[in-house]
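Only one structure is covered here, and it is reproduced in the block below.
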Amino acid sequence: MDDSRPDAPQPPQLPHPPASPSAGASPSAGASPSAGTDLWGTVDALWAWLDAAQPVTGREAVLLRVLKLSEEVGEAAQAVIGATGQNPRKGVSHTWEDVRGELCDVAITALVALRTLTPEAETVFAGHLARVAKRSSGRAGGAGPDAR
């Protein structure tokens, strides 16, 4: 969040378990080498930070958190269009690295939205992932149209 207002909420202190980066890997600028390695601890920290800074509450807050996911998906689509040069006015305006980053934002936003709906987000996600994997296993060619 790039908000320079003095009253703007500060980013959360994310969990950083001790770990060293893989050989040859370079962490993102400004990120700890182990930042984000505790997925659900990080999701909880982001959820708490966003919840504390939420200007609205209740049902509207939940709806806005889920709506944010649509915004992130749109940014991923924009990055793909930019990486492939499909907008003749802009040409190639993004890289595939931009697309990867936007897809990560989609995943993070979805997990935080899930955490907004339930404190048991990790369990809910693991159960759903297991059901999707079970439906998908044994199918020729991998996941079919029912793998949702």
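The values are calculated or read from the model by the stated rules, or taken from the named source; none is laboratory data. Treat the numbers as computed from the prediction; the structure is a model and nothing was measured. Methodologically, a virtual Cβ is constructed for each residue, glycine included, from the backbone with ideal geometry; neighbour enumeration extends over all protein chains shown. Ligands, DNA and RNA are stripped out before the accessible areas are found, and what is left, the full protein with its side chains, is counted by its heavy atoms. Shrake-Rupley method; radii C 1.70, N 1.55, O 1.52, S 1.80 Å.
Residue-level check: of (1) hydrophobic (A, V, I, L, M, F, W, C); (2) part of a helix (DSSP H, G or I); (3) open to solvent by 80 Å² or more (accessible area, probe 1.4 Å), Ala110 misses just (3).
Taking Val80 as the residue in question, decide whether it is in contact (Cβ under 8 Å) with a residue 40 or more places away in the chain, of a type outside the set (D, E, K, R) and open to solvent by 50 Å² or more (accessible area, probe 1.4 Å). In short, no.
The set of residues from segment 39-77 being open to solvent by 80 Å² or more (accessible area, probe 1.4 Å) and in a loop (DSSP other than H, G, I, E, B) comprises Pro55, Thr57. Contact map, segment 110-138: residues that are in contact (Cβ under 8 Å) with a residue 40 or more places away in the chain and on the phi > 0 side of the Ramachandran plot paired with residues that are open to solvent by less than 30 Å² (accessible area, probe 1.4 Å) and aliphatic (A, V, I, L, M), Cβ distance under 9 Å, separation 6+ or inter-chain. No pairs are found.
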